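Following: one structure in structure tokens, then a few remarks.
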Amino acid sequence: MVDNHYEILGIEDDATQDEVKKAYRKLAKELHPDINKADATQAAEKFKIVKDSYEILSNPLKREKYDLQLMRSGGSPPVQETPTVQQAVYNGPPIAPQRGSDVKIDTKITFGNSYTGIKKEITIQLPIKCGYCAGSGAAQGSPISQCPTCRGSGALLAPVQTPQGYVNQRVVCTTCNGRGILMQKFCPTCSGVGLINGQETVSISLPSGVEDGAVIKINEKGGYGLGAGPRGDLLLTVEVEDDPNMRREENDLFIEEIITLPKAVFGGKHRVMTLEGRRTLRIPPNTKSRTEFFIEGEGFPDPISGDHGDLYVVVYIDPPEKINDGVKKLLKKLAVELGENLDDLGL
Ligand SMILES: [Zn+2]
Ligand SMILES: [Zn+2]
């Protein structure tokens, strides 16, 4: 049985590279010798196991190889446990080509760009075809022959016990690891896998109104497949940066604005920069803090329907940031007029 590196790190088998990293850092902290003085040896042993798992799962190519191994180890029982039935050659279509792995990455955009949408180029790490052997996995000049065990199909029929008795099921040929071919010498660059770690730059286009946490799937821009297998997909998780004065709720946009006390009392015009440009609000006299002003249809566009949400400008009445002697004098006078006890204010 293969060690389950996902269980060791305590993550799901579709965890992103970031999640793998986070889980590893958390465990590394927990297993630090300074924290585990009483049981330092045990913690060190555990840490070694965690580190091995991390080294495999944080490397896209190693992870892909391991995933295949895990799939195979869990997929079918060992053949020798069923000695009463003989293995037979599977005569269906070859199973050697395997779809490439899905590549998951996070991409950060500004709050403003989540409104307008954005085109950008990103560089991703992914398994690519080995240039040395052109993906065949064989060393140059090394003869390639059909696998005699599975006769080139990459699979065998092995008996599997079911409630109805033994049933033949297709399993991966272990002689050739499902490739259907044998090579005398593996490619030294990719060790016979046909894939190596590489990077590619991809142009992506995020729609206007894209939400924080949205996952954008770009077909066949993920890891290259084994043999003639198609590429996996690229799964982009969008992370929208926070804005100090704006927030999004569903497709509605909220902008926080500070107005002065005189403007709140007398009312008047107030200019606001929205994501559509400059707008002028008419503040009525005696406006209270947290009053919301509604502008229809100037919220976020829905990334699918394109319908816009609404805009709410929330005004706050805050003390002036710069107070000079003149302002102080006037405020003191105001305090008296409003019946404040100057002793209470320390004036
Ligand atoms: Zn190679
Ligand atoms: Zn074979």
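Quick look at the values:
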| read-out | value |
| --- | --- |
| For the range 134-189 and the range 239-254, distance of Cα centres in Å | 53 Å |
| Antiparallel bridges, percent of DSSP beta bridges restricted to the range 246-337 (to nearest 5) | 70 percent |
| Residue pairs, from the table 288/329; 26/46; 26/48; 120/217; 22/51, whose Cα atoms sit over 18 Å apart | 288/329 |
| Once exposed loop GluC sites (Glu not before Pro) are cut out (DSSP; at most 12 other Cβ, 10 Å), longest piece of the chain | 13-240 |
| DSSP bridge orientation in the chain - percent antiparallel, rounded to nearest 5 | 75 percent |
| Charge-dipole axis of the chain as Lys and Arg at +1 and Asp and Glu at -1 on Cβ define it, positive-most pick from 334, 156, 111 | 156 |
| Net charge of Cβ neighbours under 14 Å - reference residue 256; Lys, Arg +1; Asp, Glu -1 | -4 |
| Positive minus negative residues near residue 107 (Lys, Arg vs Asp, Glu; Cβ under 14 Å) | -1 |
| Rounded if a/c under 1.5, otherwise prolate or oblate - the range 77-240, Cα gyration tensor axes | oblate |
| Convex hull volume of the range 163-203 per residue (C-alpha atoms, cubic angstrom) | 158 Å³ |
| Estimated FRET transfer efficiency when R0 is 25 angstrom, pair residue 18-residue 250 (beta carbons, to 0.05) | 0.40 |
| Proxy reagent accessibility, fewest Cβ within 10 Å first, across 281, 31, 57 | 281, 31, 57 |
| R0 of 56 Å, Cβ-Cβ distance residue 145-residue 276: FRET efficiency to nearest 0.05 | 0.25 |
| Within the range 189-347, percent of DSSP bridges classed antiparallel, to nearest 5 | 75 percent |
| Along the chain, longest interval not containing exposed trypsin sites (Lys or Arg not before Pro), exposed being DSSP loop plus at most 16 other Cβ atoms within 10 Å | 186-287 |
| Inter-probe distance in nm under a simple model that places probes 7 Å from Cα toward Cβ, at residue 328 and residue 203 | 6.1 nm |
| Label-point gap, in nm, between residue 290 and residue 310 - each point 7 angstrom along Cα→Cβ | 1.9 nm |
| Distance in nm between pseudo-label sites at residue 4 and residue 260 (7 Å out along the Cβ direction from Cα) | 6.6 nm |
| Relative contact order, percent, the chain [alpha-carbon distance under 8 Å, six or more residues apart] | 15 percent |
| R0 of 45 Å, Cβ-Cβ distance residue 119-residue 342: FRET efficiency to nearest 0.05 | 0.15 |
| Whole-number percent relative contact order across the range 77-240, with pairs defined as alpha carbons under 8 Å at least 6 apart | 38 percent |
| Radius, Kirkwood style, for the range 151-223 when every pair of distinct Cα atoms is counted (Å) | 17.2 Å |
| Mean residue ellipticity (222 nm) of the chain, computed from DSSP H runs ≥ 4 via -39,500 (n - 2.57), nearest 500 | -7000 deg cm²/dmol |
| Of 277, 232, 194, the one that fluctuates the most in a GNM where the chain has Cα springs shorter than 10 Å | 277 |
| Taking the convex hull of Cα positions in the chain, its mean projected area over all directions (nm²) | 31.5 nm² |
| Whole-number D in µm² s⁻¹ for the range 112-166, Kirkwood Cα-pair radius fed into Stokes-Einstein, 4 °C, 1.567 mPa s | 75 µm²/s |
| Whole-number percent relative contact order across the range 1-58, with pairs defined as alpha carbons under 8 Å at least 6 apart | 44 percent |
| Cα Rg over Rh - the range 1-58, Kirkwood | 1.00 |
| Highest-fluctuation residue, 34, 307, 252 considered, GNM on the chain with Cα pairs under 10 Å | 34 |
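Coordinate-derived values only; no laboratory data. Not measured: the values here are computed from a predicted model. Note: ideal-geometry Cβ built from the backbone for every residue, glycine included; neighbour counts use all protein chains shown.
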